[in-house]
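Asker: Provided herewith is a single structure, encoded as structure tokens, for subsequent inquiry.
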Amino acid sequence: MTAINLGTPTPAATSLSPRRRSRQLMVRDVPVGGDAPVSVQSMTTTLTADVDKTLQQIAELTASGCQIVRVAVPSQDDAEALPAIARKSQIPVIADIHFQPKYVFAAIEAGCAAVRVNPGNIKKFDDKVREIAAAAKDHGTPIRIGVNAGSLDPRLLAKYGKATPEALVESALWECSLFEEHGFSDIKISVKHHDPVVMVNAYRQLAAQCDYPLHLGVTEAGPAFQGTIKSAVAFGALLAEGIGDTIRVSLSAPPVEEVKVGTQILESLGLRERRLEIVSCPSCGRAQVDVYRLAEEVMTGLDGMEVPLRVAVMGCVVNGPGEAREADLGVASGNGKGQIFVKGEVIKTVPEHQIVETLIEEAMKIAERMQDEGVVSGEPQVTVS
């Protein structure tokens, strides 16, 4: 029998659905919609009136990859703090307004990059649309119509019985129509719900009925673990269909964690350039090293690395060599030692206690070469047509 050389399979390029074509607007210097990349947002948890603490948190969010930040404006003191915050923030600041329409005008005058309004809990909001539209148009300030299941207009609750996808969409499009009547169309929409299934259906309906840019969010998603899962499921479904222009992961956790999760969701879908990616096995009875500890220590040691680098941390000889060979850098471990792979080649074998140190050292070398040569990580190309 003649042996057939099957060769090494080449990963096929993957492709998401075509991106939904929306109109584009500018949130200060960040383009939103159209063919602009999906951006990651978060929201400060400080008292907005405490300018120094708010700016400090914005700086931390910026360092973690946040591109647009929202600040709450529930009081006059908060409104008075907006000019300094908007001026000094490194990233665009959106003022989040509920209940008091006067703060919408204050935020526009303060130079905020955009204003988010929740029509469901601003009394007589429709009566203020003409004035808000005129002020926003004069200052070039986009408006986000933010509809939430928990604060839906009572008229729509009465009509639909609860916050259905249809109710959320009708609320958003009704308010948009009022702004359009007054010649204002620099609008972004969100229709948030705590249930990912309702949320996904609402955005699908909304995407089919308008060309406004859409901000994705599962509202009140919950503690870090639960909220991460709910957001990843909902965002993954919509973004894979080409729906969504900005995202915010709403967690009962520090806002930096929201940014990390949102960034990872985009990287996993190929919608943002991957930086550090750890490929590690879940461990099993075959593992001869503590994979959990190794993976965690490698992740911690390389935290903050900016270049796209895939590192495989594997615990046995079943999948270990193959995964390590496919990564930029990897280790296949067993019998108290580890084979270190760089770009598919074994460069050395080290004792188990030296694996982490060696991986970090080799990662730094690779990162330096990649930065000098402009080389990107060897990984399947993800295209969005």
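The values are calculated or read from the model by the stated rules, or taken from the named source; none is laboratory data. Remember, predicted model here, so these are calculated numbers, not experimental data. Glycine gets a Cβ as well: all are built from the backbone with ideal geometry, and neighbour counts include every protein chain shown. For accessibility, only protein heavy atoms count, side chains too; no ligands or nucleic acids. Shrake-Rupley method; radii C 1.70, N 1.55, O 1.52, S 1.80 Å.
Asker: For residues that are modelled with pLDDT of 85 or more, open to solvent by 90 Å² or more (accessible area, probe 1.4 Å) and of a type in the set (Val, Ile, Thr), tally how many sit in segment 1-47.
Answerer: 1
Asker: Another question, if that's okay. Take residue 111 and tell me if it is of a type outside the set (A, V, I, L, M) and modelled with pLDDT of 85 or more. Talk me through it step by step, then tell me what you get.
Answerer: Working: of a type outside the set (A, V, I, L, M): yes; modelled with pLDDT of 85 or more: yes.
The answer is yes for residue 111.
Asker: How many of the residues making up segment 224-244 are over 12 Å from the mean Cα position of the chain (by Cα) and open to solvent by 10 Å² or more (accessible area, probe 1.4 Å)?
Answerer: Number of matching residues: 10.
Asker: Which residue out of 273, 267 is within 20 Å of residue 41 (Cβ to Cβ) and modelled with pLDDT under 85? Write out each step before concluding.
Answerer: Working: 267 fails: modelled with pLDDT under 85.
Criteria check complete, one pass: 273.
Asker: Between 334, 304, 322, 344, which is closer than 24 Å to residue 273 by Cβ and over 29 Å from the mean Cα position of the chain (by Cα)? Reasoning before the result, please.
Answerer: Details: 334 fails: closer than 24 Å to residue 273 by Cβ; 304 fails: over 29 Å from the mean Cα position of the chain (by Cα); 322 fails: closer than 24 Å to residue 273 by Cβ.
The unique qualifying residue is 344.
Asker: Here is a follow-up. Tell me, which residue of segment 139-169 that is outside any loop (DSSP other than H, G, I, E, B), out of contact with any Lys or Arg (no Cβ under 7 Å at 6 or more places or on another chain) and under 13 Å from residue 104 (Cβ atoms) is most open to solvent (accessible area, probe 1.4 Å)?
Answerer: 139
Asker: Kindly indicate whether any position in segment 202-213 is among the small types (Gly, Ala, Ser), part of a loop (DSSP other than H, G, I, E, B) and open to solvent by 20 Å² or more (accessible area, probe 1.4 Å).
Answerer: Looking only at segment 202-213, we keep the residues that are among the small types (Gly, Ala, Ser), and these are 202, 207-208.
Add one more test, that the residue is part of a loop (DSSP other than H, G, I, E, B), and what stays is none.
No, the conditions are met nowhere in segment 202-213.
Table: residues versus (1) within 30 Å of residue 167 (Cα to Cα); (2) crowded, with 16+ Cβ neighbours inside 10 Å.
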| residue | (1), (2) |
| --- | --- |
| 53 | no, no |
| 70 | yes, yes |
| 76 | no, no |
| 85 | no, yes |
| 97 | yes, yes |
| 103 | yes, yes |
| 110 | no, yes |
| 129 | yes, yes |
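Asker: Against the definition (open to solvent by less than 10 Å² (accessible area, probe 1.4 Å), within 23 Å of residue 204 (Cβ to Cβ) and of a type outside the set (Ser, Thr, Tyr)), how does residue 247 come out, yes or no? Quick ask: steps written out before the conclusion?
Answerer: Details: open to solvent by less than 10 Å² (accessible area, probe 1.4 Å): yes; within 23 Å of residue 204 (Cβ to Cβ): yes; of a type outside the set (Ser, Thr, Tyr): yes.
Judged against the criteria, residue 247 is a match.
Asker: Kindly indicate whether residue 331 is at pLDDT 85 or above, assigned by the TED database to the domain that holds residue 280 and either on the phi < 0 side of the Ramachandran plot or open to solvent by less than 50 Å² (accessible area, probe 1.4 Å) (or both). I'd like the intermediate steps shown before the answer.
Answerer: Working: at pLDDT 85 or above: yes; assigned by the TED database to the domain that holds residue 280: yes; either on the phi < 0 side of the Ramachandran plot or open to solvent by less than 50 Å² (accessible area, probe 1.4 Å) (or both): yes.
Against the criterion (at pLDDT 85 or above, assigned by the TED database to the domain that holds residue 280 and either on the phi < 0 side of the Ramachandran plot or open to solvent by less than 50 Å² (accessible area, probe 1.4 Å) (or both)), residue 331 qualifies.
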